[in-house]
Structure formats: C-alpha cells, structure tokens
Amino acid sequence: MECFVAELCQWLPAEKLPSPPRLQDLLARATQTPKPKQLLQRLLLEQAPNIPPPLSDGVFLLPMRASKGRQFPVVIVPGCEDRLLPWQETHADPDAIAEERRLLYVACTRCQQILWLTQANTRTILSHKETLRPSRFLKELQPYLCSF
C-alpha cells in the first residue's frame, strides 16, 4: 500500500503534495487500509469542506461528517435508503455500518427544531429504475419520534 501512496504522490503537482506530517499520517493510514480504493474512499470522506460562517438566512449543503460541531434550525437528510445509508459497499463490514450509523446520529443531532429524514421508493440509476428499501437505520428510530 505504501507503494500506492508513493505513486499517488508522484502524480501530484509539487504544490499539491501533502506536508511531511500529513504524508506520515497518510502512510500510517495506508498500512491500516488493505486496498487503494478503500483508502481513497476513507480519505475523501474525511475531507471537510470550508463551511462559511453562519448566516441569518441560508441553506447549507454539506456531508454528514462536516456537520459535526454545527447546529441548524432545520436539518434534512435525504437518501435514507439501503445501499445509500448505509452505503452498499459497507454491508459486509460491521465496523463500517456502525460508523455510518454514528454519522447519521451526528447529522440528526445537528438539528435545533425540525429534522426530516427522507427516502425515495424508486430511483433511476444509469437509466434503470430501481425499487428501494428504507434504510435499516430508520427502523431503529423510536416510533414516537416519527411521523409518516
């Protein structure tokens, strides 16, 4: 895996190379993650966008990971379907499913007043209409907290 990181750094322009401490962290993570695809997915999920300071009125679109430490009057979490939440590639890994559950919890606790968890019955994916099941995480919610 270290070879993959070294090759990746070789392709990056000099100004995009990670700092030495960040490179050490990257190499440490590479030894813990067996496949390049998993390493890249993990690194992409950890990247938090630059979030502007709160506005009196506005809409923020951000990943659940980036919502940690923020509060919003209304939170809408779309895509609460199996294969999206939890992500289809995590279904065989109990630790990854627990991490996705924790992320949903983080997103839900960002809400100050109103929380909407939405799911679609069907989605068109690559020109193919698919019927979807609600996320298994929705079944874990207390019924008295929900209205359908």
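Of the residues Val106, Val59, the one with the fewest other Cβ atoms within 10 Å heads the list, and the complete ranking is Val59, Val106. Panel order for Trp116, Trp87, by other beta carbons found within 10 Å of each beta carbon, from fewest to most: Trp116, Trp87. Convex hull volume of the C-alpha atoms in region 51-148, normalised per residue: 131 Å³.
A short reminder: the numbers here are calculations on the coordinates, not readings from a lab. Everything quoted here is computed from the prediction, not taken from an experiment. Here the Cβ is made from the backbone with ideal geometry for all residues, glycine too, and neighbour counts use every protein chain on show.
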